[in-house]
Amino acid sequence: MTVWDWVEACFSPPPSTAVICDDEGVSMAFTRRRVVRIAWRDLVRVAIETNDRGPFEEDVFFVLETDDNRVAIPQSFSGTDGLISYLGDHLPGFDFGPMIAAMASADNQEFVCWEKQTD
């Protein structure tokens with residue numbers, strides 16, 4: 001870490017963490033320099049992972065999986081409400097039941113909401 005990196009880390013506001021959805025897919029901004037984009041058509045699985053670390057640490061994650069990537073999005077990210085709507089609108093058969101169960105969980109669990117159907 002350079003001196004400049006240290007100064008920037010000490011005096012800069014926290015990085016923007018956001019989820020942005022559109023009709024083509026979802027973008028996740030994890031830091032100022034790391035943005036991940038996933039097209040709806042590339043998703044193969046969506047799950048919610050919970051853990052027993054809340055409420056003082058992040059304990060709910062939206063997990064989006066493609067054939068090549070697995071991205072865990074903390075529930076605290078700005079835009080996760082929009083993500084939920086887009087998942088329901090763009091993934092046929094998306095099941096909100098496991099999502100509701102996940103929101104009531106305080107255990108280390110995975111709740112699968114959608115898997116791509118193979119022909």
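The values are calculated or read from the model by the stated rules, or taken from the named source; none is laboratory data. Remember, predicted model here, so these are calculated numbers, not experimental data. A quick note on method: Cβ atoms are made from the backbone with ideal geometry, for glycine too, and the neighbour counts reach across all protein chains shown. The area values use the complete protein model at the heavy-atom level, side chains included, leaving out ligands, DNA and RNA. Shrake-Rupley method; radii C 1.70, N 1.55, O 1.52, S 1.80 Å.
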| said: Rolling a 1.4 Å sphere over the protein heavy atoms, what is the accessible area per residue of the stretch 32-73, to the nearest Å²? | reply: 60 Å²
| Cβ under 13 Å from Arg37's Cβ, Arg37 left aside: what net charge do those residues give with Lys, Arg +1 and Asp, Glu -1? | -2
| said: Loop only by DSSP, 14 or fewer other Cβ within 10 Å of the Cβ. Give me the GluC sites (Glu not before Pro) in the stretch 64-117 that pass, ordered by residue number. | reply: none
| task | Mind jotting down a quarter of the surface of the convex hull over the alpha carbons of the stretch 60-119, in square nanometres, one decimal? | result | 4.7 nm²
| query | How far, in nm, would the chain grow between Ala39 and Phe94 when pulled straight, counting 0.36 nm per residue and subtracting the alpha carbon separation? | reply | 18.2 nm
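Extension gain Ser85-Gln117, at 0.36 nm per residue separation less the Cα-Cα distance, in nm? List each step's numbers first, then the result.
Values: separation 32, 0.36 × 32 = 11.52 nm, distance 2.04 nm.
Gain on extension, Ser85 to Gln117, equals 9.5 nm.
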| request: Give, in whole angstrom and from largest to smallest, the semi-axes √(5λ) of the equivalent ellipsoid of the stretch 14-109, with λ running over the eigenvalues of the Cα gyration tensor. | output: 20, 18, 12
